[in-house]
Amino acid sequence: MLEEFRQTLADGLQPWSRSVQFWVRAADIYTGYKVCQLRAGLVKDVEVREAMWERQHELAADKMYSLCSELGGLFLKAAQILGKPDLAPAAWVKKLVTLCDKAPATRIEVVKQIIEKELCRGFDDVFERFDEEPVGSASIAQVHRARLRSSQTNVAVKVQHPGVEYLMQVDIHNLQAFVLFLQKTDIKFDLFSLTKEVEKQIGYEFDFLREANAMERIRNSLTSNNKKPPVFIPRVIQDMVTRDVLVMEFIEGTPIMNLGNEIAKRGIDPGGKIASMAKQKILQNLTLAYGQMILRDGFFHADPHPGNILVCKGSEVALLDYGQVKELPESLRLGYANLVLAMADNNFSRAVESYKELGICTVRNCSDGEVELLKLSSRMFDTRMPPGVTILSPFSEDSSLNKIAVQSFPEELYSVLRTIQLLRGLSVGLGINYSCAEQWRPIAEEALFKAGRLKGRDMTSRRRGIFSRIFRRGRD
């Protein structure tokens, strides 16, 4: 009885303890940067200033790593977003990239109980073999490799961590309060709307029935609209899906974050021509798949962080984890297609028109507003990096956000924004600089043409070989 009381009390206090830990740590990191900003402003020597900032980034990276790894939950997802080479300082990337699939695992005894309860079958009746060590453990679930007794098929078994859903809701509410503070003090961008979309998507991730339906829908679309699908998607094992358990085809492959090491193991120069061609093929297939999902179907996988991407034989790509998928309203799908053309063609007036259509409200405080608006579009919605630039954050000191404030941003577009940012991070990690807007131009034109908003003679990208030329240009 006493032990039960202690456990009940601990469970009741956990959200409060978690909130206090978040605010103490977040305030520490924020204050450290503000103090460094003040001190650096008093130093004239550029090299000294850069050294001060580098030291601050290292200190903050250690603190952010501790926050994300120790609190887990939503903050592991934050690490996936912040640990991108194009968005965060190198010190942050080095620390946070190690947190992919590093969430604490649920004990195997509990996993077996969940599976038996959800599938209504004896564990040994279902599986001939079941690896007790998970292949990966993320914030919401962990995945085990197994072999089905009935069909002798190798499968991946995804099992939800018990009790994490409520804590992640606590985390998102704390994060929302923090970004409201940042909007008032430092960042001229509607971050709160983005966190509202995160809250909605997280709720969806706890429903594996929804995830299974999304996997089948996207796999069927990419299969029926291509001679060969640009990415592999696991098949769902029928009658083995519930809200908390998902059994699917197991796909062999190398996590994309380990690609360089795998190439070197095979005696291939990671910086050589063969490796470069393989990387181009990987990125081209991923980008084509996302262009078709977003612009043609308006229904897409919205979580392409490195932990969800496998490189298979022949440089083929597998896309995993469909907990975060997004369906765009028709108006936003076509509005975004219009913005893609604006970025691909460097068309200022079309960019302004697209912002209005998408419902992105801005306030300009500069004379060259249209130019800055197009720059801001490229920072948010394209993968290309300017020459010599390795970090392209929308919130950096030289950002167009210092000239154009984004007062409101549609929640529905956040998933597109996040997807582009993750694709850009992959391209930087692979060492290939290219424009997804240029590759997506023919898909965007086709979408607008079918909607009656573009005439056939205006579809400039129907020239043969446009994709290969885009990637050759990106390589150069």
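Below, the figures for the structure above:
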| read-out | value |
| --- | --- |
| Per-residue HN-Hα couplings for the stretch 141-153 [Karplus 6.51, -1.76, 1.60; θ = phi - 60°; Hz; x = Gly/Pro] | 8, 10, 10, 10, 8, 8, 10, 6, 6, 6, 10, 6, 9 |
| Residues ASN346 and SER19, FRET efficiency given R0 of 41 Å [Cβ-Cβ distance, rounded to 0.05] | 0.30 |
| Estimated dipole of the stretch 29-129 in Debye, rounded to 20 [Cβ of Lys and Arg +1, of Asp and Glu -1, Cα centre] | 380 debye |
| Cβ-based charge dipole, the stretch 69-182, positive-most Cα from GLY136, ALA91, ILE172 | ALA91 |
| With every protein chain in place, the chain: carbon and sulfur % of accessible area (1.4 Å) | 54 percent |
| P(r), alpha carbons of the stretch 220-311 - 10 Å bins starting at zero, rounded % | 14, 37, 34, 13, 2 |
| Normalised contact order of the stretch 271-388, rounded percent, pairs of Cα under 8 Å and 6 or more residues apart | 18 percent |
| Given LYS279/LYS326; LYS34/LYS184; LYS228/LYS281; LYS227/LYS273, the pairs whose alpha carbons are separated by over 21 Å | LYS279/LYS326; LYS227/LYS273 |
| TYR33, TYR322, reordered so the largest accessible area comes first (probe 1.4 Å) | TYR33, TYR322 |
| Selection from THR254, GLY272, VAL236 lying farthest towards where the dipole of the stretch 236-282 points positive, charges on Cβ | GLY272 |
| For the chain, size of Cβ-based charge dipole, Lys and Arg +1, Asp and Glu -1, in debye | 1780 debye |
| Value of [θ]222 nm, deg cm²/dmol, for the chain, DSSP H segments ≥ 4, -39500 (n - 2.57) each, nearest 500 | -18000 deg cm²/dmol |
| Length-normalised contact order for the chain - Cα pairs under 8 Å, 6+ apart - percent | 13 percent |
| Selection from TYR336, ALA444, VAL35, by position along the positive dipole direction of the chain (Cβ) | ALA444 |
| Magnitude of the charge dipole, the stretch 225-372, Cβ model with Lys/Arg +1 and Asp/Glu -1, debye to 20 | 520 debye |
| Mean accessible surface per residue for the stretch 193-333, computed with a 1.4 Å probe while every protein chain stays in place, in Å² | 41 Å² |
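The values are calculated or read from the model by the stated rules, or taken from the named source; none is laboratory data. Note that the structure is a prediction, hence the values are computed from the model and not measured. Every residue, glycine as well, gets a Cβ built from its backbone with ideal geometry; the counts of neighbours run over all protein chains shown. Keep in mind that these areas ignore ligands, DNA and RNA; they rest on the heavy atoms of the full protein, side chains included. Shrake-Rupley method; radii C 1.70, N 1.55, O 1.52, S 1.80 Å.
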